[in-house]
Amino acid sequence: MKLEEQSDDFNAYLSDIMSADLCLLCYGFGADSRNYLMDSMANKLPDLLTAKAKFLGYGDPEIGTLAYLSACRFPFLDFTRDPNILANKIEEVASMTRENFIEACGESIGIMSDEFSEMAQCHVFQRQLASAAGSDVAPSTKLVEKFTQILKLSQQKISDATQRELNLMSALVGHRELINNIYTLVREHGIEWSVNSSRSELEKNIANISADPVMQAKAIAWMIVSQQHERFAPLWLRFYEEIFPA
């Protein structure tokens, strides 16, 4: 194994993963990982496809990225916790040529490459713009209300955490400038900032959050991407109480 410095050059980065013996999309097992990542998609997956890199998916099968790979019939997945099975999978993929890997993947590589292509994403973005341009504040309010009604009709008790998220969505409706800033910050998550990197700054300014729109947008973006994960739940609740006092 060889460790190298990370390059800021995207083409150099693609070259590195293209030349690697094996790339891993690796996740944990258990309820915490599953709940936190079941709706997520790995940023690295489109990069691996672009570079035509050899890769292996490992972890809980209900995690979003691995479930997607499975649905595409990608063959190199390991959902067990057996080190011998994992070692055999790693040896199998690492020893393959890139051409043999792509051939073994069958239609799955083509399906995923088409879905993550630049043109496909342009179409998705175009639909989103059209949808946003034709909407106003009222439907957003109604959407939150209808979701709340559905939860009540299901006769399931709404947890405190879910209720706080519903309150957060309802409170944001009508604050267009704040929403635009939050949307930009959420899109930049993982590129310009991370949940951990911004945590200390937000904690230091927690007393000023309600009076500072810039810091408030940062805090709400942090709340959205951290999803009340148990590691961040106490701080999430402090932000919530500061921004939306009872």
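The values are calculated or read from the model by the stated rules, or taken from the named source; none is laboratory data. Treat the numbers as computed from the prediction; the structure is a model and nothing was measured. So basically every Cβ, Gly included, is an ideal-geometry build from the backbone, and we count neighbours across all protein chains shown.
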* Looking only at the range 226-245, decide whether some residue is of a type in the set (Gly, Ala, Ser) and within 25 Å of residue 41 (Cα to Cα). => yes
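Residues checked against (1) at pLDDT 90 or above; (2) more than 30 Å from residue 28 (Cβ to Cβ); (3) in contact with a Cys (Cβ under 7 Å, 6 or more places away or on another chain); (4) among the acidic types (Asp, Glu):
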position: 113; (1), (2), (3), (4): no, no, no, no
position: 132; (1), (2), (3), (4): no, yes, no, no
position: 137; (1), (2), (3), (4): no, yes, no, no
position: 145; (1), (2), (3), (4): no, yes, no, yes
position: 150; (1), (2), (3), (4): no, yes, no, no
position: 162; (1), (2), (3), (4): no, no, no, no
position: 176; (1), (2), (3), (4): no, yes, no, no
position: 187; (1), (2), (3), (4): no, no, no, no
* Asked: If the Cβ limit is 7 Å and pairs must be 6+ apart or interchain, which residue in the range 106-122 that is in a helix (DSSP H, G or I) pairs with which residue that is of a type in the set (A, V, I, L, M) and at pLDDT below 90?
  -> 114/120
* Asked: When you scan the range 176-213, how many residues do you find that are outside any helix (DSSP H, G or I) and of a type in the set (S, T, N, Q)?
  -> 2
* Of the numbered conditions (1) surrounded by fewer than 17 Cβ atoms within 10 Å (Cβ to Cβ); (2) assigned to a helix (DSSP H, G or I); (3) among the charged types (D, E, K, R), residue 218 satisfies every one except a single condition; which is it? -> (1)
* Can you pull out the residues in the range 76-106 that are of a type in the set (A, V, I, L, M), in contact with an Asp or Glu (Cβ under 8 Å, 6 or more places away or on another chain) and within 13 Å of residue 22 (Cβ to Cβ)? -> 86, 94
* Asked: If you take the residues of the range 61-98 that are polar (S, T, N, Q) and over 17 Å from residue 109 (Cα atoms), which of them is surrounded by the fewest Cβ atoms within 10 Å (Cβ to Cβ)?
  -> 84
* To do: Output the residues belonging to the range 13-60 that are of a type in the set (A, V, I, L, M), without any contact (Cβ under 8 Å) to a residue 24 or more places away in the chain and either exposed (fewer than 15 other Cβ atoms within 10 Å of the Cβ) or within 19 Å of residue 92 (Cβ to Cβ) (or both).
  => 31
* Asked: For the range 13-40, which residues satisfy the criterion of being under 16 Å from residue 52 (Cβ atoms) and not in a loop (DSSP other than H, G, I, E, B)?
  -> 13, 14, 15, 16, 17, 18, 19, 23, 25
* Which of the residues belonging to the range 41-60 are among the small types (Gly, Ala, Ser), within 18 Å of residue 111 (Cβ to Cβ) and not in a helix (DSSP H, G or I)? -> 42, 53, 57
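Within the range 69-96, track down each residue that is assigned to a helix (DSSP H, G or I) and free of Cβ contacts under 8 Å to residues at least 40 places away in the same chain.
At the first step, the residues of the range 69-96 found to be assigned to a helix (DSSP H, G or I) are 69-71, 83-94.
The answer is 70, 71, 83, 84, 85, 86, 87, 88, 89, 91, 92.
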* Structure fact -> For the range 215-243, pairs from a residue that is under 18 Å from residue 33 (Cβ atoms) to a residue that is crowded, with 18+ Cβ neighbours inside 10 Å and among the polar types (S, T, N, Q), with Cβ under 7 Å and 6 or more apart or across chains, are 232/226
* Asked: Just a yes or no: is a residue in the range 177-198 in contact with a helix residue (DSSP H, G or I) (Cβ under 7 Å, 6 or more places away or on another chain) and of a type in the set (Lys, Arg)?
  -> no
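To keep it simple, each residue is scored yes or no on (1) more than 22 Å from residue 194 (Cβ to Cβ); (2) modelled with pLDDT of 95 or more.
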site: 1; (1), (2): yes, no
site: 5; (1), (2): no, no
site: 22; (1), (2): yes, no
site: 26; (1), (2): no, no
site: 29; (1), (2): yes, no
site: 33; (1), (2): no, no
site: 42; (1), (2): no, no
site: 57; (1), (2): yes, yes
site: 72; (1), (2): yes, no
